[in-house]
Amino acid sequence: MSTRNQPKNLLRLGVFFQGVNSGTVWKTPEAGSQTDFESFRRLIQTAERGIFSAFFLGEGLRLREHLGQIHDLDVAGRPDAQTLLAALAAVTNRIGLVATQNTTYNDPADMAHRLASLDLISGGRAAWNIVTTDNAWTGANFRRGGYLDHADRYTHAEAFVATAKRIWDSWGREDIAANGSQSAWFAGNAPKPVEHTGKHYNISYTSRLPRSAQIRPVLFQAGDSAEGRDFAARQADVIFSAHGGLEAAKVFRADITARTLKAGRPASAVKIMPGSEFILAATESEAEEKHRWVREQQIGPQQALAYLEQFWGESLAGLDPEGPLPDFDPKISESDVTRGSGFQGAKAVELTRSWRESAKDQGLNILEFVRGKSGRVGGSFVGSYARVADTLERYAESGAVDGFNITPWLIPSGLDDIVNHLVPELQERGVYPTHYAGDTLRENLGLEDPTDVAPAVTDEDNTRYEVAV
Amino acid sequence: MTTAHQPNAILVLEVDGAGAHPAAWRLDNQTPDSVLDAQQIAKAVLAAESAGFHAVSIEDSRLAPGSGPGARLDAIQRAAFLGPLTHSIGLIPVADSIYTEPFHLSTQLSALDGVSAGRAGWIVSAGGTAAEGAAVGREAVTAGELPGEVADVLEASRRLWDSWEDGAVIKDVATGRYLDRSKVHYADFVGKRFSVKGSSISPRPIQGQIPVFAAEPLDADSDAILIGAPDLDGLLAAAQGNSFPGIRIAELDFVLDHAGEPAADRVEALDGWEPWHSPRARFTGTATDFTDYLLELLGHVGGVRLHPAELRKDAQEFAALVLPALRLAGALKPIRTGNTLRETLGLPAARNRFAAS
Ligand SMILES: Cc1cc2nc3c(=O)[nH]c(=O)nc-3n(C[C@H](O)[C@H](O)[C@H](O)COP(=O)(O)O)c2cc1C
């Protein structure tokens, strides 16, 4: 199925419509709606014009809070990912549709069915970004509540994904009658149920959907702990990583390669796409000027204080945003879960002490310091189209990454300069596709067909996956 | 209380699979796997929209269909795919309320409303069977408990939909606030089997509250009731006997003469493959007789949900011969491009339970 007519080491681009946090500028008139369908349509169609491999939606299953109240400073309100992607499938042809979906607050049969449905509706373009965020605070929105120990999140996720794979693999189009005069709609026997017995629940489910044009949804993973990396090495096709700097990306690639080989898969089975941000212009100085402006837009005085408050655990309303960082220690030991997975569980005292020191050394006030922390560690590319293209060419040559997942800082026009200017520069350098390789996401990411197609249900399978779920 | 000569009825076309007859997939000149082809579904719904149907409904179930095609795409996703392709027709998926997460269901429907510019509806289903429960590792829910459970799921959904007031997004540059948090509320729903803290992760749906359709006895808090009976006379009687205060929709299978072939012969041919067991009243005959029957029926109900034996053939005949006659007789509500489903149904703007008024 996969075509191999493009040279090696092509970079692929994805676009991440973030819809939360302070990264997306909303205070300027060019900023459009964060939730209207037209914003999504515009962004994905621009991405498809730029031959992006994937359009990516995040997920957070509880509205963010700050110091015990609804967080009011950042964009919020993103729509349900799969429903939105099913609609976007109708207005696009080739781009992949990636839904971030949580294994802790979903049922495996239900999730497998909806992802299979999206995969068929889109002609084989669906992907699942598997996340494992778990806490009682989010659990309060769901039937099972916060039932999972943090230590079990990946054994649970792995049993969940293994069950989903068995559901996806349970039958295919070859099992459907070729024409209306056959004895039944199924050419042979009707599919058998997938059974699973585990710690948290038992399942018996007969799939209502066959394999898709790309066999089953592509699996992304985002989670950076050792367990998360091993999980990706065993189960995922693509890692949405947090390591965008070239040196860090090389180290991460080596680590993932070792884990992938250890899991018995070829190194090329797992692609890596770090999250990234691009601030581009025709010249270096214009790009620098834009960079400053973007940071000002992202982080105003209120956002700067709120950023610190997450780690100090109390209101800092009395502080001058143009003054120094607080000269006292946080009253909490770890940052809370309520501002999203990217901020939770930081060791507050150590972290804030080091911040205080570095702000003092560099002579930065609160506003300047927090603006400096904005953007993506190593994954922020600021510069002229040509120079950033040169930088990306070095990434391509290094083999450290397979592409980038870009978070636009402006919605819905934030991809325009990337598609209009950066993509052609990359194509000229021979490191970016000039056309879609195929119709499915698997083909367009250069992935092989999955080889771990689950065997028919046996008792062994049941015991193998008995650990969790 | 209503008469057929006021323009007040709505037509809902059921578009699942190849049609209501379990053998429909055999005779519709499509390959058997075309029920999985979103483009084919879109074609049928675009035809329904241009014919002047007010809405389409999309059947679903947690279990593989027991007869006919063994595959079915998720109904909310099918509706979502149709959202950007259509402009006036309501999109009403069937969705189970018993084994879903109410929080997910409410945001899925809310997203459907967003991608269809306010044309989402919801037909609440509730099986509660052991086989459905086994798919998600949960117990059966007895028939007696279903109405209470549906009421809980509906109340949780409605509270989540209202949890962001209209205008909660303020984008106030001076104070740096994107949201006015005084306009965002916790759902704080506690039911018998589940609780939901809320708020929703999405803003209030375009329609405020998405119109909900349900059959007895699940209709306690629905906007519209689905009325069924085993035969045509029974349906007329049930329609007259029903005192539901909201919109009353009659459920009806139908088969029309097509391409010179009488409806009864068509049913016989289909039944030769597989018998048609349906709990619904069935009309079999000519377009003229069907028009007459519907004009009488529409004197007693606010609309019909039409289940064509064969989707393509029967919807086409209906669109060509019955629908124009009903419109000419003044029986149908007008359709306006850009209307929300609430507007098409004639429902008032939905008040927000959390808004200070
Ligand atoms: C780049 C990146 C993006 C993520 N996006 C999401 C998200 O959208 N929703 C979510 O619930 N968790 C998200 N996560 C959280 C992870 O899936 C994971 O649950 C969390 O990091 C804890 O796992 P870990 O300890 O392996 O990192 C993201 C993590 C990373 C590194």
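Kindly indicate whether A:E309 is open to solvent by less than 30 Å² (accessible area, probe 1.4 Å), at pLDDT 95 or above and within 30 Å of A:G414 (Cβ to Cβ). It is true that A:E309 is open to solvent by less than 30 Å² (accessible area, probe 1.4 Å), at pLDDT 95 or above and within 30 Å of A:G414 (Cβ to Cβ).
Within region A:393-411, the residues that satisfy the criterion of being closer than 17 Å to A:V251 by Cα, of a type outside the set (S, T, N, Q) and in a helix (DSSP H, G or I) are A:R394, A:Y395, A:A396, A:E397.
Are any residues in region A:142-185 open to solvent by 30 Å² or more (accessible area, probe 1.4 Å) and either of a type in the set (D, E, K, R) or part of a helix (DSSP H, G or I) (or both), and if so, which ones? Spell out the reasoning first.
Applying the first criterion (open to solvent by 30 Å² or more (accessible area, probe 1.4 Å)) to region A:142-185 yields A:143-144, A:146-147, A:149-152, A:155, A:158, A:170, A:173-175, A:178-179, A:181-184.
Answer for region A:142-185, where residues must be open to solvent by 30 Å² or more (accessible area, probe 1.4 Å) and either of a type in the set (D, E, K, R) or part of a helix (DSSP H, G or I) (or both): A:R143, A:R144, A:D149, A:H150, A:A151, A:D152, A:T155, A:E158, A:R173, A:E174, A:D175.
For region B:130-138, the condition holds for at least one residue, the condition being that it is more than 8 Å from chain A (Cβ to nearest Cβ), open to solvent by 10 Å² or more (accessible area, probe 1.4 Å) and free of Cβ contacts under 8 Å to residues at least 40 places away in the same chain. Residues that are hydrophobic (A, V, I, L, M, F, W, C) and surrounded by fewer than 20 Cβ atoms within 10 Å (Cβ to Cβ) do not occur anywhere in region A:391-404. Considered as a group, the residues in region A:206-260 that are touching a Gly at 6+ places or on another chain (Cβ under 6 Å), of a type outside the set (A, V, I, L, M, F, W, C) and away from the ligand (no atom under 16 Å from the Cβ) include one that is most open to solvent (accessible area, probe 1.4 Å), and that residue is A:R211. The single condition from (1) at pLDDT below 95; (2) open to solvent by 30 Å² or more (accessible area, probe 1.4 Å) that A:A348 fails is (2). If you go through region B:108-129 and pick out every residue that is under 11 Å from the mean Cα position of the chain (by Cα) and more than 13 Å from chain A (Cβ to nearest Cβ), you end up with 4. Restricting the first member to region A:240-268 and to residues that are over 24 Å from A:D390 (Cβ atoms), and the second to residues that are in a loop (DSSP other than H, G, I, E, B) and of a type in the set (S, T, Y), the beta-carbon pairs closer than 9 Å and six or more apart or on different chains are A:R265/A:T451.
Checking each residue in region A:129-181 for being touching a Pro at 6+ places or on another chain (Cβ under 9 Å), within 16 Å of the ligand (Cβ to nearest atom) and more than 14 Å from chain B (Cβ to nearest Cβ) picks out only A:V161.
The set of residues in region A:79-103 that are surrounded by fewer than 24 Cβ atoms within 10 Å (Cβ to Cβ) and under 21 Å from A:L63 (Cα atoms) comprises A:T100, A:Q101, A:N102. Of A:A109, A:A90, A:A31, A:A76, all but one fail to be at the interface with chain B (Cβ under 7 Å from one of its Cβ atoms), more than 14 Å from the ligand (Cβ to nearest atom) and in contact (Cβ under 8 Å) with a residue 40 or more places away in the chain; the exception is A:A109.
Just checking, how many residues over region A:41-72 are more than 16 Å from the ligand (Cβ to nearest atom) and either more than 10 Å from every other protein chain (Cβ to nearest Cβ) or not acidic (D, E) (or both)?
Matching residues across region A:41-72 total 18.
As for region A:279-297, it holds no residue that is in contact with a helix residue (DSSP H, G or I) (Cβ under 9 Å, 6 or more places away or on another chain), more than 26 Å from A:K360 (Cβ to Cβ), within 16 Å of the ligand (Cβ to nearest atom) and open to solvent by less than 20 Å² (accessible area, probe 1.4 Å).
B:A42 meets all of the listed conditions (1) within 14 Å of chain A (Cβ to nearest Cβ); (2) free of Cβ contacts under 8 Å to residues at least 12 places away in the same chain; (3) surrounded by fewer than 21 Cβ atoms within 10 Å (Cβ to Cβ) but one, namely (2).
Each row is one residue, and each column tells you yes or no for (1) outside any loop (DSSP other than H, G, I, E, B); (2) within 16 Å of the chain's Cα centre (by Cα); (3) under 23 Å from A:R125 (Cβ atoms).
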position	(1), (2), (3)
A:E38	yes, no, yes
A:I44	yes, yes, yes
A:I51	no, no, yes
A:F55	yes, yes, yes
A:T83	yes, no, yes
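Given the condition buried (at least 21 other Cβ atoms within 10 Å of the Cβ), in contact with a strand residue (DSSP E or B) (Cβ under 6 Å, 6 or more places away or on another chain), aliphatic (A, V, I, L, M) and more than 25 Å from B:I41 (Cα to Cα), answer yes or no: does some residue in region B:287-295 qualify? No, region B:287-295 contains no residue that is buried (at least 21 other Cβ atoms within 10 Å of the Cβ), in contact with a strand residue (DSSP E or B) (Cβ under 6 Å, 6 or more places away or on another chain), aliphatic (A, V, I, L, M) and more than 25 Å from B:I41 (Cα to Cα). Within region A:42-73, take every residue that is in contact (Cβ under 8 Å) with a residue 12 or more places away in the chain and touching a His at 6+ places or on another chain (Cβ under 9 Å) and give me the one that is nearest to A:Q302 (Cα to Cα). This residue is A:L73. Screening the candidates B:A329, B:A350 for the property of being touching a residue at least 40 places away in the same chain (Cβ under 8 Å) and touching a Leu at 6+ places or on another chain (Cβ under 8 Å) yields one hit, B:A329. Every condition in (1) in a loop (DSSP other than H, G, I, E, B); (2) open to solvent by less than 10 Å² (accessible area, probe 1.4 Å); (3) more than 8 Å from every other protein chain (Cβ to nearest Cβ) holds for B:L105 except the one numbered (1).
Go through A:G139, A:G124 for me and flag whichever is modelled with pLDDT of 95 or more, open to solvent by less than 10 Å² (accessible area, probe 1.4 Å) and on the phi > 0 side of the Ramachandran plot.
Working: A:G139 fails: on the phi > 0 side of the Ramachandran plot.
Matching residue, one of A:G139, A:G124: A:G124.
Return a yes/no flag: does region A:211-228 have any residue that is over 23 Å from the mean Cα position of the chain (by Cα) and over 27 Å from A:W409 (Cα atoms). Talk me through it step by step, then tell me what you get.
At the first step, the residues of region A:211-228 found to be over 23 Å from the mean Cα position of the chain (by Cα) are A:211.
When the remaining residues are screened for being over 27 Å from A:W409 (Cα atoms), the result is A:211.
Checked against the condition, which is being over 23 Å from the mean Cα position of the chain (by Cα) and over 27 Å from A:W409 (Cα atoms), region A:211-228 yields at least one hit.
When B:D223, B:D231 are checked against the criterion of being in contact with a Gly (Cβ under 7 Å, 6 or more places away or on another chain) and open to solvent by 10 Å² or more (accessible area, probe 1.4 Å), B:D223 stands alone in meeting it. Which of the residues belonging to region B:50-59 are part of a loop (DSSP other than H, G, I, E, B) and surrounded by fewer than 23 Cβ atoms within 10 Å (Cβ to Cβ)? Correct list: B:G52, B:E59.
For first residues located in region B:289-307 and under 16 Å from B:H54 (Cβ atoms), partners that are of a type in the set (F, W, Y) and lie 6+ apart or on another chain with Cβ distances below 9 Å form the pairs B:L294/B:F283; B:R305/B:F213; B:L306/B:F53; B:L306/B:F254; B:L306/B:F318; B:H307/B:F254. Taking region B:74-88 as the range and being farther than 13 Å from A:Q82 by Cα, open to solvent by less than 10 Å² (accessible area, probe 1.4 Å) and either facing another protein chain (nearest Cβ under 7 Å) or touching a Pro at 6+ places or on another chain (Cβ under 8 Å) (or both) as the test, only B:G83 passes.
Yes or no, residue by residue, for (1) within 9 Å of chain B (Cβ to nearest Cβ); (2) at pLDDT 95 or above; (3) closer than 23 Å to B:Y99 by Cβ:
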site: A:N189; (1), (2), (3): no, no, no
site: A:S204; (1), (2), (3): yes, yes, yes
site: A:P210; (1), (2), (3): yes, yes, yes
site: A:A222; (1), (2), (3): no, no, no
site: A:V251; (1), (2), (3): no, yes, no
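The values are calculated or read from the model by the stated rules, or taken from the named source; none is laboratory data. A quick note: this is a predicted structure, and the numbers were derived from the prediction, not measured. Cβ coordinates were reconstructed from backbone atoms using ideal geometry, including for glycine residues, and neighbour counts include every protein chain displayed. Heads up: the accessible areas ignore ligands, DNA and RNA and are worked out on the full protein's heavy atoms, side chains in. Shrake-Rupley method; radii C 1.70, N 1.55, O 1.52, S 1.80 Å.
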